[in-house]
Amino acid sequence: MEKKYPDLYALMKDDPAARHYFDSLPEHVRSAIAQRPGGVNSFESLCSYADNLTQGDR
């Protein structure tokens, strides 16, 4: 089972892969996610959130 974190910042502090993924996202996606850090509690939720935000970019 995937580890859950209280928010985006705790996830990125503990998981270098999550930090690298977040840093690789376009600025507008990072900004949108950072506005609601409590909505991200795992690497999977970060990827899902980013995917939802970038669907219109495809």
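The values are calculated or read from the model by the stated rules, or taken from the named source; none is laboratory data. Keep in mind that what you see is a predicted model, and the values were worked out from it rather than measured. Cβ atoms come from the backbone with ideal geometry, glycine included; neighbour counts cover every protein chain shown. Accessible surface areas use protein heavy atoms only, side chains included; no ligands, DNA or RNA. Shrake-Rupley method; radii C 1.70, N 1.55, O 1.52, S 1.80 Å.
A few points about this structure:
- Residues located in segment 1-34, provided they are open to solvent by 70 Å² or more (accessible area, probe 1.4 Å) and within 11 Å of the chain's Cα centre (by Cα): 9, 19, 20, 23, 24
- The residues of segment 35-50 that are buried (at least 16 other Cβ atoms within 10 Å of the Cβ) and either more than 11 Å from the chain's Cα centre (by Cα) or in a loop (DSSP other than H, G, I, E, B) (or both), listed by number, are 40, 41, 42.
- Scanning segment 16-27 for residues that are touching a residue at least 24 places away in the same chain (Cβ under 8 Å) and in a helix (DSSP H, G or I) turns up 17, 18, 21, 22.
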